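Presented below is the structure to which this report refers.
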Amino acid sequence: MSKVAAPIRRPFGPLPDLVPVIGQGTWIMGDTPNRGTEVATLRAGIAAGLTHIDTAELYGGAEDLVGDAIKPASGIKREDLFIVSKVLPSNASHKGTIRACETALRRMGTSYLDVYLLHWRGSYPLAETMGALETLVEQGKIRAFGVSNFNIADLEEAESALTSGRIACNQVLYHLEERHIDGELIEHCRKSNIAVVGYSPFGHGRFPRASSEGGRALAAVAARTGATPRQVALAFLARKAPLFTIPKASSVAHAKENAGALTLALEPPDLAALEEAFPVNAGSDDELPML
Ligand code: NAP
């Protein structure tokens, strides 16, 4: 049997929470004519177990959209959610990081974020940004912090700049045709107790076509497990600790389909078939690709 009874959850880095391995992205949401549908989609996803919500200062109206989706009248309880946002590198001075976080809190109508990330490495010294993130923890505005698009050397530098806190997560590009992080980064993070959150799990809209070799492998596993190819892809991308994945959907049907992967545990023969169809990219993950 590949279906498990309850959603698959795991600890998120050093946090004690058990977080569902599949969440909801929000890039290119919030500033579209479909705002009503997007609110309904986030709520349907949350109701189906996709309670980890990923947003960012960069995503324009997305933080506001999340605020709309989770407002008290929705009946959604803040403590049932795991909300992550990100500061833009160009704002990641000490003051700028604190200001961006406070703006995010206001937009989302919440008093705290579960995790706040530096979106990618920019020109502010890492020690300055890490110091601001530690201050935000001390102020109770965030529970934990992390980084995004960091290779191992960047992670080590960020960690060595910390005085009190720990890096909870590294959010990086990860989909079936982009598996550089399977080289070393996932294992490095596992050993360091850092959650790895894979973004753009559907290739940012470039999912393997059904007629391709990969598409046929996905279809075969889907048929064996009674799942859809998208669900198989998500289950593969979140197949082991410390992996999480955050697909973005802007329709209720897509969110529900993605949530269906929360209970899909792939068996070794299915994992092997997918490994063969989507091999790890050659080359080092020093030069981490990003969108
Ligand atoms: P993605 O999740 O790889 O793909 C989104 C596309 O897949 C959309 O076209 C969506 O269509 C479609 N889709 C979703 N569920 C589907 C389903 N069940 N069936 C068919 N199509 C489906 O793209 P992404 O937005 O780039 O990545 C996900 C999230 O990762 C972002 O939203 C963002 O939160 C985060 N991210 C972070 C970074 C970073 O630098 N840290 C970079 C990129 C992304 P519909 O919209 O029509 O549902």
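The values are calculated or read from the model by the stated rules, or taken from the named source; none is laboratory data. Predicted, not measured: the structure shown is a model, and the values here were computed from it. Glycine gets a Cβ as well: all are built from the backbone with ideal geometry, and neighbour counts include every protein chain shown. Quick note on the areas: whole protein, heavy atoms, side chains included, nothing else; ligands and nucleic acids left out. Shrake-Rupley method; radii C 1.70, N 1.55, O 1.52, S 1.80 Å.
List of remarks:
- Failed item, numbered, when A153 is tested on (1) in contact with a helix residue (DSSP H, G or I) (Cβ under 7 Å, 6 or more places away or on another chain); (2) part of a helix (DSSP H, G or I); (3) in contact (Cβ under 8 Å) with a residue 40 or more places away in the chain; (4) among the aliphatic types (A, V, I, L, M): (1)
- Per-region count, region 19-55, residues closer than 23 Å to A233 by Cβ and either more than 15 Å from the ligand (Cβ to nearest atom) or not hydroxyl-bearing (S, T, Y) (or both): 22
- Out of T245, T263, one residue alone is near the ligand (Cβ under 9 Å from one of its atoms), within 19 Å of V19 (Cα to Cα) and among the β-branched types (V, I, T). It is T245.
- Conditions (1) more than 14 Å from the ligand (Cβ to nearest atom); (2) farther than 30 Å from V115 by Cα; (3) at pLDDT 95 or above: number failed by G283: (3)
- Residue among G226, G205 that is at pLDDT below 95 and open to solvent by 10 Å² or more (accessible area, probe 1.4 Å): G205
- Scanning region 235-270 for residues that are in a strand (DSSP E or B) and under 15 Å from the mean Cα position of the chain (by Cα), we see that the one that is surrounded by the fewest Cβ atoms within 10 Å (Cβ to Cβ) is L243.
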